[in-house]
Every structure is written in structure tokens, then in C-alpha cells.
Amino acid sequence: VTDVQTLLSTVPGLRYFNTTSAANSEISLRASGTSRGNNAEAAVGLYRNGAYIGGGGNLGGRNFAVMDLFDIGRTEVLRGTQGALYGRNAVGGAINIISAVPVQRYTGFVDAKYAFETEKTQLQGVVNVPLSDSVAVRLGGYYTD
């Protein structure tokens, strides 16, 4: 997964309003309202491992950042009011990205990108190593300039 639109493209009832700016793009579930104010927060709560991604405008709150898409294990999409489970800002639903957990086998990946126009580099890699029959370690790294 390289962007939020790809991650959520198969979810029924979800609309991703892509403004080509990560700070202003918005997610709407079941026609929940979106917030167009500069520092307003959307009706769909965004979470990474159960922690609220708060703020508005350039601080997040309307969209996931690139780092939120690193080493995803699964994505949970809950429709309707989720205030009892997630609290604040989940009146239209909640999207929770869960990190991958260590498994009992050798796995991993490496991804490298270079943009010639802007001369920017992006590197990410993950390795999963079983240490014993009941213990495994998953290490990841992400670099961008």
C-alpha cells in the first residue's frame, strides 16, 4: 500500500476526497460530514494502533500520513457512531490501521524509491526473525529525505 486511496478503495460506503494534498484530503463514511475549515476535524476518527491521529489542517486528523502506512497488518473500518469504543471524533465512524505483529517464520521486505524530478529518496524495510518456538522479533526502518 502506497497511499490512503489505494488502502481504502475497496471499502463500500467510503468516499475518499482527494485534493492532491495529504493535509486537505478527507475520508467520509456513509455520507458523514466532512470539515472544510482550516483547523476543523472530520467526523470520521482516524487511528493508528488504537491511538487517535488528532489535529486539523496540516497536523493530521483528516487523512493518514505516509508513516501511518508503514508495515500494516490489517485495517479496521467501523461505520456509524463509534464514540463508545473510540471516544472523540468518531461520530461518523472510525478507521484503525493496525501494525503487523511478529510471526513464527522468517519474512520481510525492502522497498526503495527515488524521484528524479525532486531528487528525493525513500527507503523502508522490515525483517521478521523467530528467536525460539514462542518468541519472534519484527524490526522495521523507514527513511526519507
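Within region 62-145, which GluC sites (Glu not before Pro) sit in a loop by DSSP and count at most 12 neighbouring Cβ atoms inside 10 Å?
Glu117, Glu119
From the backbone phi of region 115-122, what are the Karplus-calculated ³J(HN,Hα) couplings (6.51 cos²θ - 1.76 cosθ + 1.60, θ = phi - 60°) in whole Hz, Gly and Pro given as x?
Each residue of region 115-122 in turn: 9, 5, 5, 9, 6, 10, 10, 9 Hz.
Can you classify region 65-110 as rounded, prolate or oblate using the Cα gyration tensor, where a ≥ b ≥ c are the square roots of its eigenvalues, rounded means a/c under 1.5, and otherwise it's prolate if a/b beats b/c and oblate if not?
prolate
For a test of the definition: using alpha carbon positions, the gyration tensor, and the 1.5 limit on a/c, classify region 66-145 as rounded, prolate or oblate.
Oblate, because a/c is 1.5 or more while a/b does not exceed b/c.
In nanometres, what is the gap between the two model label sites at Glu117 and Ser9, each 7 Å from Cα along Cα-to-Cβ?
1.9 nm
I'd like to know which of Thr81, Ile98, Tyr114 lies farthest towards the positive end of the charge dipole of region 72-119, counting +1 on Cβ of Lys and Arg and -1 on Cβ of Asp and Glu.
Thr81
Using 7 Å Cα-to-Cβ label points, what is the Val103/Asp133 separation (nm, one decimal)?
Inter-label distance under the simple model: 2.1 nm.
None of the figures in this text is laboratory data; all of them are computed from the coordinates on show. In this text the structure is predicted, and so the values were computed from the model without any measurement. Please note: Cβ atoms are built from the backbone with ideal geometry, for glycine as well, and neighbour counts cover all protein chains shown.
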